[in-house]
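A short worksheet on the structure shown next.
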Amino acid sequence: MAEVEKSMNAAAVLTVRPLTREAFSPFGTVIEPDPSTMRLINGGNTERYHALAEAEAAGDDARVIVNIFRGSPRAFPYTVTMMERHPFGSQSFSPIDDRPWLVVVAEDEGGRPGVPWVFLASGRQGVNYRRNVWHHPLMTVGETSDFLVVDRSGEGNNLEEFFYDQPFIIEKLETSA
């Protein structure tokens, strides 16, 4: 269960924790070099960290696409009022600019997101949200940042949004990830 405490304005305060493979595993995969997957390719000149995450694409005319998203930084304290999920495909975010950023996810509780978890990702960590995982839209900090995003395109509504009755607060951010 995510850690929260009530603040004076009835919004629950969220704890920011380091992004690790183990802590994030219920929601998807952390994308970063894993020595156990390393293979030398291109005549021994390139290290390939193989199959770090799997893209999911379900439904009619589904295909996996690659995008660049440019996120404007959020101001803190930040109020989390909504979450989204994509029922037909996974969605991965890998930072291009080597800047810390936040990953906000929630477990599904009967078709709606539960209390959010907040992870501080380094600028060298990406994530792959599994299909149907509740998450907050891209949350950059400090400066505008670019991300390589792999997700699904195709028929059907692949976006579900949920707005909380009571907001959650991320009070301050220490970006020493």
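Brief remarks follow.
- Of the listed requirements (1) modelled with pLDDT of 95 or more; (2) under 25 Å from Leu173 (Cα atoms); (3) surrounded by 15 or more Cβ atoms within 10 Å (Cβ to Cβ), Ala23 misses just one: (3).
- Check on Arg152, in contact with a strand residue (DSSP E or B) (Cβ under 9 Å, 6 or more places away or on another chain) and not in a strand (DSSP E or B): no
- Criterion applied to Asp60, Asp98, Asp108 was being among the acidic types (Asp, Glu) and at positive phi, and the one residue passing it is Asp98.
- Hey, Glu143 open to solvent by 60 Å² or more (accessible area, probe 1.4 Å) and in contact (Cβ under 8 Å) with a residue 12 or more places away in the chain or not: yes
- Residue within the stretch 129-138 that is closer than 14 Å to Leu19 by Cα and either in a loop (DSSP other than H, G, I, E, B) or at pLDDT 95 or above (or both) present: yes
- Qualifying position, being without any contact (Cβ under 8 Å) to a residue 60 or more places away in the chain and either under 22 Å from Ala23 (Cα atoms) or surrounded by 15 or more Cβ atoms within 10 Å (Cβ to Cβ) (or both), among Gly123, Gly89: Gly123
- Yes/no for Thr37 being under 21 Å from Tyr129 (Cβ atoms), without any contact (Cβ under 8 Å) to a residue 40 or more places away in the chain and exposed (fewer than 15 other Cβ atoms within 10 Å of the Cβ): yes
- Flag for Val115 being in a strand (DSSP E or B), open to solvent by less than 70 Å² (accessible area, probe 1.4 Å) and either under 22 Å from Asp34 (Cβ atoms) or not aromatic (Phe, Trp, Tyr) (or both): no
The values are calculated or read from the model by the stated rules, or taken from the named source; none is laboratory data. The structure presented is a predicted model; accordingly, all values stated were derived computationally and were not measured. Note: ideal-geometry Cβ built from the backbone for every residue, glycine included; neighbour counts use all protein chains shown. Ligands, DNA and RNA are excluded from the accessible area calculation, which covers all protein heavy atoms including side chains. Shrake-Rupley method; radii C 1.70, N 1.55, O 1.52, S 1.80 Å.
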